[in-house]
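Asks: Pasting a structure here, questions to come.
We did not get these values from a lab; they are worked out from the coordinates using the rules stated. Predicted model only: the values in this text are computed from it and were never measured. Ideal geometry is used to build each Cβ from the backbone, glycine not excepted, and the neighbour counts take in all protein chains shown.
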Amino acid sequence: MANYELQDLIDWDARIRDKVAEFGLDCYPQEFEICDHTGMLGYMAYSGMPSHYPHWSYGKSYEKLKTLYDHGVSGLPYEMVINANPAIAYLMRDNTLLLQILTMAHVYGHNDFFKNNFTYRTTRAELTIETFKAHAIRVRRYTEDPSIGVDLVERVLDAAHALSWQCRRNLAIRKLSREEQVTRAIEAAQPKNDPFKRIHRPQEFHEPEVQRVPLEPDEDLLLFIRDYNPFLVEWEKDLLTIVDEEAKYFIPMMETKIMNEGWASYWHKKIVESLALEQGLHLEFIVRHNQVIRPIPGQLNPYHLGFRIWEDLYRRYTDPTPEEIKRDGAPSKSGLEKIFEAREVERDTSFIRRYLTEELMRDMDLFDYQARGSDLVVDKVSDPDGWREVKETLIRIVGTNGIPVIKVEDADFGHNHTLYLKHSHDGRDLHLEYAEKTLSYLQRLWGRECVLETTLQGKRSQLCYNERGFSIRALK
Amino acid sequence: MPTDTIFREYRPSDAERSDRSAGDRLRHRQKVRESIRENIADIIAEESIIGKDRDRVIKVPLRGIKEYRFVFGENAPGVGQGDGNAHPGQVVGKVGKDGPGQGEDKAGDRPGVDYYETDVTLEELIEIMFEDLELPNLERRALREIEAERSSKRKGYRHVGIRVRLDKRRTAKQRVMRKLASVKEAGAEPPDPVQAWQPRRFPFHQDDLRYRHVEVETREESNAVVICIMDTSGSMDTMKKYLARSFFFLLYQFISTRYRNVEIVFVAHHTEAREVTEEEFFHKGESGGTFISSGYQKALEIIAERYHPSLWNVYAFHCSDGDNFDSDNPAALRAAEDLAEVCNLFGYGEIKPLGSRYYESSMLNIFRRLEAPNFHTVLIERKEDIWPSFKAFLAKDRIKETA
């Protein structure tokens with residue numbers, strides 16, 4: 001059972017915060033809530049939100065977490081922290097004092113990351129709690145409305161959840177409005193200024209198709225359906241908006257999982273080590289810290305990967321080896337400056353591309369694998385020939401790159417309001433069963449036929465879903 | 001730092017009060033149940049549930065509650081971390097399993113870990129299966145509702161009653177008690193010495209009499225008997241027998257789950273029919289030719305002897321491959337007519353594993369001439385047909401009121 005009082009936590013928190021300030025971390029105000037394991041399971045099921053709209057999938061996720069926990073398959077996380085201002089973190093009541101200290105230090109790492117990394121700028125942390133609460137109130141109102149009811153709400157939510165990650169990934173890039181897109185299309189169609197106009201053949205003028213919907217391929221499927229399906233009623237549109245907003249709130253977490261966990265682990269280590277713990281606590285710290293950041297053979301532990309890159313980056317700018325100086329030149333800034341800069345301007349893909357070195361990859365023995373028959377077989381390892389390829393594969397699976405890129409090409413395909421989408425195939429085929437079911441959800445929301453162009457085993461194909469069901473057409 | 005950190009202490013009362021996921025969990029369970037119901041036909045076809053223990057746990061695939069998204073299929077590569085000597089060609093996992101590189105971080109990356117099946121005991125499964133089935137037309141005729149149970153129970157004692165129920169022992173006890181009480185009452189003054197030696201008469205009084213009280217309990221319930229008739233002739237091969245038995249097994253489970261007072265009679269026939277036990281019915285095979293009429297005659301006999309239709313709701317179900325001796329067909333038709341007359345429902349299931357109906361004779365053509373409204377036929381061609389045909393016989397809303 002717990003070997004501490006609340007006052008102990010408050011005292012330790014004060015010491016940790018001194019260190020946080022000393023190291024230059026820049027955090028939102030922090031709130032800690034102490035909860036038991038049931039509470040923790042509850043928060044986990046609802047992504048940590050104190051208030052969240054109801055849907056059966058959260059019940060499912062709770063049951064699953066609970067079953068795993070009850071059977072000892074998985075433990076509970078030591079903490080959970082949400083990106084909000086003030087940042088809210090949950091501490092498990094039954095943890096030991098050392099775990100609470102470690103956890104609090106770790107939480108401040110996340111907190112700093114949330115506040116400073118550029119991907120989180122779009123999440124409006126100061127409104128997080130209120131936004132989720134407002135969503136919950138709206139969804140509950142629709143559920144309780146006798147003319148709507150839970151069945152209809154679920155019909156829309158089920159479909160919307162299936163499509164929620166099909167949205168823009170880099171939210172820092174502003175999406176152009178329709179008017180801006182039209183202006184841009186017209187400008188692009190203008191003949192270019194040609195200093196040799198007199199001797200050149202006059203340029204042909206291609207009239208831009210400004211009536212076309214969408215003008216440029218659109219990745220925000222839910223918002224697109226909301227804006228261009230005239231048969232949706234207001235509450236349905238609102239549900240789509242809610243689901244889309246929530247997905248976009250979580251996109252940055254997905255985009256920075258490795259950096260974020262690595263960053264928090266890096267700082268909890270620095271902070272706790274600087275606290276000069278008594279020996280017993282310190283030994284426990286070493287054990288716990290290694291449990292968190294240990295490599296898991298055959299898998300990829302984001303804590304480990306992130307932690308190693310941050311550590312390596314700091315070392316290369318503080319204490320580079322002669323070969324590194326020869327290759328990269330002498331460091332222009334201090335290690336601390338460098339890592340603070342990286343935590344602000346990178347996300348997982350760019351972070352790995354820039355800072356995961358060949359040596360580090362070899363040291364961690366990273367490999368990529370591919371399915372061959374029913375086996376997963378190692379394809380390339382991090383040797384001088386293969387490391388680039390392993391790195392490329394890694395970049396392709398981190399962040400939101402694990403989600404297929406699917407864009408709306410045409411809302412009026414064949415002039416019969418068929419929704420035409422295109423999957424940007426990058427060598428990875430879609431899972432067909434999942435694609436079929438997800439298309440059926442898409443068709444439910446769009447109300448008419450939906451066609452998805454993709455590549456299946458090297459052949460261009462169209463997956464169609466209409467009122468008669470699912471079909472696959474091969475394209476020439 | 002500008003503001004102080006806020007600590008919110010743990011309060012057990014809060015934790016107990018807020019079970020926020022209760023509603024969503026309930027909804028999820030409803031979905032699981034629905035999903036099981038939708039898949040019952042497949043479960044019955046896949047699982048050999050005949051004669052299985054009711055506590056047995058069955059794996060039931062759940063299709064309705066998977067959360068689908070666009071994800072990559074199996075040709076998507078992954079990255080893992082080795083133990084220091086990973087080499088090309090090394091096998092690191094199995095496709096479809098939770099392979100390497102499947103950390104929690106890649107939400108939406110692949111189908112991933114989702115539970116596709118749930119464990120259900122046979123008992124639960126049967127309960128879900130039979131939720132909306134019922135013996136049709138059970139309460140159609142009020143006349144058939146008779147005392148299902150008649151029991152007399154002793155219940156206490158009364159001062160009044162009939163002679164035969166007089167409880168002598170208790171009555172005598174009462175008298176003694178009364179006598180003692182009267183002595184005590186009189187005890188204030190010394191007993192009369194003259195009368196002390198003379199035995200004083202102390203007769204029984206009306207108040208001493210105690211009668212046993214008997215309460216008669218009757219429970220009105222409709223009586224029903226289900227007659228299962230199965231063809232066990234030589235032409236019924238293993239597959240056919242399996243299908244027929246599966247059907248009857250469902251019927252048996254259904255009846256014993258839902259009705260307490262329904263009797264079940266098993267009749268097996270080839271050229272002759274005889275009544276058999278449940279054990280024999282489900283586990284024994286026989287051989288020989290087929291006279292379907294014999295099975296029906298036996299059923300009629302049993303009904304005449306034990307289950308008079310004015311007192312009983314009679315249901316008869318017959319499973320056969322329809323490969324009857326031609327000479328028996330007229331007799332079979334006649335017997336079927338008779339049977340349809342005395343039964344609330346008479347069902348005939350013809351078992352024709354795929355293809356066999358092209359070269360074997362069928363009773364379906366012959367029974368087509370039978371025009372009783374309570375006679376129904378189904379064709380069972382494969383395992384998947386068992387559940388639909390079973391439902392066709394027993395669905396609640398199937399029978400239109402013919403009266």
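Asks: Between beta-carbons, use under 12 Å as the cut-off and find the net charge around B:GLN30, counting Lys and Arg +1, Asp and Glu -1.
Replies: Net charge around B:GLN30: +3.
Asks: Once you place label points 7 Å from the Cα toward the Cβ at B:ALA22 and A:PHE196, how far apart are they in nm?
Replies: Modelled inter-label distance: 8.2 nm.
Asks: Checking the a/c ratio against 1.5 first, then a/b against b/c, what shape does the Cα gyration tensor give for the protein assembly as shown?
Replies: Oblate, because a/c is 1.5 or more while a/b does not exceed b/c.
Asks: Given 0.36 nm per residue, what is the gain on full extension from B:ASN85 to B:GLU217 after removing their alpha carbon distance, in nm?
Replies: So the chain would gain 39.3 nm between B:ASN85 and B:GLU217.
Asks: May I pose another question? DSSP loop GluC sites (Glu not before Pro) in the stretch A:426-476 with at most 14 other Cβ atoms within 10 Å of their Cβ, which ones?
Replies: For GluC sites (Glu not before Pro) across the stretch A:426-476 that sit outside H, G, I, E and B with at most 14 neighbouring Cβ atoms in 10 Å, the list reads A:GLU467.
Asks: For the stretch B:223-394, what class follows from the C-alpha gyration tensor (a ≥ b ≥ c being the square roots of its eigenvalues): rounded when a/c is under 1.5, otherwise prolate if a/b is larger than b/c, else oblate?
Replies: rounded
Asks: What residues of the stretch A:99-119 lie in the reach of a label at A:ARG294, counting those whose backbone N is under 18 Å from a point 7 Å from the Cα along Cα→Cβ?
Replies: A:99
Asks: Return one number: the angle in degrees, 0 to 90 and rounded to the nearest 10, between the long axis of the Cα atoms of helix A:56-70 and the longest principal axis of the Cα atoms of chain A.
Replies: Roughly 30 degrees between the two axes.
Asks: Give me the one-decimal Kirkwood hydrodynamic radius in Å for the stretch A:404-474, with the sum taken over alpha-carbon pairs.
Replies: Across the stretch A:404-474, the inverse of the average 1/r is 12.0 Å.
Asks: Compute the distance from the alpha-carbon center of the stretch A:1-57 to that of the stretch A:164-210, in whole Å.
Replies: So the two Cα centres are separated by 49 Å.
Asks: What 222 nm value per residue comes from the helices of chain A, counting each DSSP H run with n ≥ 4 as -39,500 (n - 2.57) and dividing by all residues, nearest 500 deg cm²/dmol?
Replies: Only helices count here, giving -16500 deg cm²/dmol.
Asks: Here is a follow-up. Please determine, in degrees from 0 to 90 and to the nearest 10, the orientation of helix A:335-345 with respect to the longest principal axis defined by the Cα atoms of chain A, where the helix direction is its Cα long axis.
Replies: Relative to chain A, helix A:335-345 is tipped by roughly 30 degrees.
Asks: Continuing with the same structure: What nm value, rounded to one decimal, do you get for the distance between B:GLU275 and A:VAL233 when each label is placed 7 Å out toward the C-beta?
Replies: Computed distance between label sites B:GLU275 and A:VAL233 equals 6.2 nm.
Asks: How far is helix A:128-144 tilted, in degrees, relative to the longest principal axis of the Cα atoms in chain A, given as a value from 0 to 90 rounded to the nearest 10?
Replies: On a 0 to 90 degree scale, this one is about 50.
Asks: All other residues with a Cβ under 10 Å from the Cβ of A:ALA45 taken together, and with Lys, Arg as +1 and Asp, Glu as -1, what is their net charge?
Replies: Neighbour charge sum, excluding A:ALA45 itself: +3.
Asks: In terms of Cα to Cα distance under 16 Å, which lysines are near enough to A:LYS391, apart from those fewer than 8 places away along the same chain?
Replies: Answer for A:LYS391, where 16 Å is the Cα cut-off: A:LYS380, listed by chain and number.
Asks: Restricting things to alpha carbons, tell me how big chain A is in terms of Rg and Dmax, in Å.
Replies: 25.6, 89
Asks: Another one. Suppose the chain between A:GLU433 and A:THR122 were pulled fully straight at 0.36 nm per residue; how much longer would it get relative to their current alpha carbon spacing?
Replies: Extra length from A:GLU433 to A:THR122 when fully extended: 108.6 nm.
Asks: Now, a different point. Tell me which GluC sites (Glu not before Pro) from the stretch A:258-292 have a DSSP coil assignment and no more than 11 other beta carbons within 10 Å of their own.
Replies: Those that pass, being in a loop and sparsely packed, are A:GLU278.
Asks: Can you bin the stretch A:139-186 into rounded, prolate or oblate? Criterion: square roots of the alpha carbon gyration tensor eigenvalues sorted a ≥ b ≥ c, rounded for a/c under 1.5, prolate for a/b above b/c, oblate for the rest.
Replies: It is prolate, given that a/c is not under 1.5 and a/b is the larger ratio.
Asks: Can you work out the FRET efficiency for the pair A:GLU144 and A:ARG212, with r the C-beta to C-beta distance and R0 = 41 Å, to the nearest 0.05?
Replies: Once rounded, the FRET efficiency stands at 0.50.
Asks: Under a Cβ-Cβ cut-off of 11 Å, what is the net charge of the residues other than B:ASP231 that fall near it, where Lys and Arg count +1 and Asp and Glu count -1?
Replies: It works out to a net charge of -2.
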